[in-house]
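> Provided herewith is a single structure, encoded as structure tokens, for subsequent inquiry.
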Amino acid sequence: MAVDLRELPMVKEARAEGREEGRAEGRAEGREEGRAEGRLEGRAELACRILELRLGPLGAARSAAIAALEPAQLDALADVLLSLPDLDALDARLPAG
């Protein structure tokens, strides 16, 4: 008679612990990814607010373009956003799309 090792209590317990550890790691990674995305979204929103105060309403397309920027692109925009003279200069800094 063959014994299914997966049915032994010790093996079941070890598998359950492994699954729980994997879930905990996944939750921690998800939280960190969520924090990073939230920080990036917050930076984009702040850039939009500053630009709107300086240049007037941005419109949905410009706001969406800013929200879609990669972190390095958002950093580059942040470096110049106080020196942009008008919306045309902003458009020149945003990716075409």
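All of the numbers you see were taken from the coordinates with simple rules; none came from a lab. All values reported here derive from a predicted model rather than from experimental measurement. Cβ coordinates were reconstructed from backbone atoms using ideal geometry, including for glycine residues, and neighbour counts include every protein chain displayed.
> Which condition number in (1) touching a helix residue (DSSP H, G or I) at 6+ places or on another chain (Cβ under 8 Å); (2) more than 30 Å from Ala68 (Cα to Cα) is the one that Ala44 fails?
Every condition holds for Ala44 apart from (2).
> Being among the hydrophobic types (A, V, I, L, M, F, W, C) and surrounded by 14 or more Cβ atoms within 10 Å (Cβ to Cβ) is the filter here; which residues of region 65-78 pass it?
Of everything in region 65-78, those that are among the hydrophobic types (A, V, I, L, M, F, W, C) and surrounded by 14 or more Cβ atoms within 10 Å (Cβ to Cβ) turn out to be Ala65, Ile66, Ala67, Leu69, Leu74, Leu77, Ala78.
> Does Pro85 satisfy the criteria of being outside any helix (DSSP H, G or I) and surrounded by 10 or more Cβ atoms within 10 Å (Cβ to Cβ)?
Against the criterion (outside any helix (DSSP H, G or I) and surrounded by 10 or more Cβ atoms within 10 Å (Cβ to Cβ)), Pro85 does not qualify.
> Follow-up question, since we're still on this one. Here is a list: Arg23, Arg43, Arg31. Which entry is surrounded by 11 or more Cβ atoms within 10 Å (Cβ to Cβ) and assigned to a helix (DSSP H, G or I)?
Answer to the check: Arg43.
> Restricting to region 46-64, name every residue that is hydrophobic (A, V, I, L, M, F, W, C) and either surrounded by 10 or more Cβ atoms within 10 Å (Cβ to Cβ) or touching a Ser or Thr at 6+ places or on another chain (Cβ under 8 Å) (or both).
Those that are hydrophobic (A, V, I, L, M, F, W, C) and either surrounded by 10 or more Cβ atoms within 10 Å (Cβ to Cβ) or touching a Ser or Thr at 6+ places or on another chain (Cβ under 8 Å) (or both): Leu46, Ala47, Cys48, Ile50, Leu51, Leu55, Leu58, Ala61, Ala64.
> Let me ask something else about it. What pairs come up if the first residue lies in region 77-97 and is within 14 Å of Leu53 (Cα to Cα), the second is surrounded by 15 or more Cβ atoms within 10 Å (Cβ to Cβ) and of a type in the set (Gly, Ala, Ser), and their beta carbons are under 7 Å apart, counting only those six or more places apart or on different chains?
From region 77-97, the pairs are Leu81/Ala47.
> Is it fair to say Leu55 is closer than 20 Å to Ala96 by Cβ and of a type outside the set (Asp, Glu)?
In short, yes.
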